[in-house]
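K.L.:
Attaching a single structure in structure tokens format; questions to follow.
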Amino acid sequence: MGSTNSTLSKIPNVEELMQETGFTPAHIVRLYDRFEALDKEKTGHLRPQDFGAINRLAMNPIGDRIIGAFFSPGQETVDFHSFVRILAHFRPADKKRPKDPSMPEPVNSRTSKLKFAFQLYDQDKDGKISRAELLQVLRSMLEMQVTEEQLESIADRTIQEADLDKDDAISFEEFRKSLEKVNIDHKMSIRFLR
């Protein structure tokens, strides 16, 4: 317990970070240790190349996109608080957590998770998933398991089914509606941190 408190005392605004993300003190300490291990140059910030040490990300077909999600456009580094906030998207939603309308939506709420997943597809950040962006993700994920013709058919069918306003792209709202019945809590985990 002493080392936990010692580590927590090094982290500014740790109580606020735990409240926002839902991580316990033990989780925060584990994430802090992981962050420090990735921060080889001890700068207090991580660069995209620092994430290369996470084997599960290196092996993940969309690992570059997940790593990219840690960085806002034009941002070249991420600090510990931002690191933890992004990782909170991978936590199961805390359904027992009381909803306080005066508080911002939890980082690991269903809507926040969907927005995070949406941005993995929407690479040009225009608020829509185009056929080309969808194909790019499908190619990464399915690699040589299917033919290009099959990939194109999957992309076309997906756009056709999800594109409610018929603009040949999927907006966030269309993305959300198409996934309403899918329980993403089981799809996302922080196992890649181990």
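The values are calculated or read from the model by the stated rules, or taken from the named source; none is laboratory data. Only a predicted model underlies this, so the values are computations on that prediction, with no experimental measurement involved. Cβ: placed from backbone, ideal geometry, glycine included. Neighbour counts: every protein chain shown. Protein only, heavy atoms only, side chains kept; ligands, DNA and RNA dropped before computing areas. Shrake-Rupley method; radii C 1.70, N 1.55, O 1.52, S 1.80 Å.
K.L.:
Which one of Ile66, Ile54, Ile86 has the biggest mean-square fluctuation once the chain is modelled by GNM with Cα springs under 10 Å?
P.N.:
Ile54
K.L.:
Among the trypsin sites (Lys or Arg not before Pro) in region 129-167, which ones are in a DSSP loop with at most 13 other Cβ atoms within 10 Å of the Cβ? Mind listing them?
P.N.:
Lys166
K.L.:
Something else: Can you tell me the accessible area per residue over the chain, all protein chains present, probe 1.4 angstrom, in square angstrom? Display every interim value, and only then the final one.
P.N.:
On the way: 11780 Å² over 194 residues.
For the chain, the per-residue accessible area is 61 Å².
K.L.:
To continue, here is another question. Starting from the Cα gyration tensor of the chain, take the square roots of the eigenvalues, sort them a ≥ b ≥ c, and report rounded, prolate or oblate (rounded when a/c is under 1.5, otherwise prolate if a/b is larger than b/c, else oblate). List each step's numbers first, then the result.
P.N.:
Values: a/c = 2.34, a/b = 1.59, b/c = 1.48.
Because a/c hits 1.5 or more and a/b exceeds b/c, the chain counts as prolate.
K.L.:
Here is a follow-up. Carbon and sulfur together cover what percent of the accessible area of region 23-136 at a 1.4 Å probe radius? Display every interim value, and only then the final one.
P.N.:
Working: 3420 of 6250 Å².
On region 23-136, the fraction of accessible area on carbon and sulfur atoms equals 55 percent.
K.L.:
Rounded to the nearest 10 degrees, what's the angle between the helix 148-162 long axis and the longest principal axis of the chain, both from Cα atoms, 0 to 90?
P.N.:
With rounding to tens, the tilt is 80 degrees.
K.L.:
Take the cross-link list Lys113/Lys166; Lys115/Lys166; Lys42/Lys113; Lys40/Lys128 and give me the ones stretching past 32 Å between alpha-carbons.
P.N.:
Working: Lys113/Lys166 25 Å; Lys115/Lys166 21 Å; Lys42/Lys113 30 Å; Lys40/Lys128 37 Å.
Result: Lys40/Lys128 exceed 32 Å.
K.L.:
Then there is this: What are the ³J(HN,Hα) couplings of region 52-58, residue after residue, when phi is run through the Karplus curve with 6.51, -1.76, 1.60 and θ = phi - 60°? Round to Hz, x for glycine and proline.
P.N.:
Whole-Hz 3J(HN,Hα) from phi for region 52-58: x, 6, 8, 4, 5, 6, 4.
K.L.:
Step through the residues of region 76-89 one at a time and calculate ³J(HN,Hα) from phi using the Karplus curve (6.51 cos²θ - 1.76 cosθ + 1.60, θ = phi - 60°), rounding each to whole Hz and writing x for Gly and Pro.
P.N.:
Values per residue, Gly and Pro as x: 9, 9, 10, 8, 4, 4, 5, 4, 5, 4, 5, 5, 4, 5 Hz.
K.L.:
So how tilted is helix 131-142 from the main axis of the chain? Cα-based, degrees 0 to 90, rounded to 10.
P.N.:
Between the helix axis and the principal axis of the chain, the angle is about 70 degrees.
K.L.:
Still on this model: Would you calculate a helix-derived [θ] at 222 nm for the chain, using -39,500 (n - 2.57) for each DSSP H run of n ≥ 4 and dividing by the full residue count, to the nearest 500?
P.N.:
Details: 10 runs with 95 residues, N = 194.
It comes out at -14000 deg cm²/dmol, rounded to the nearest 500.
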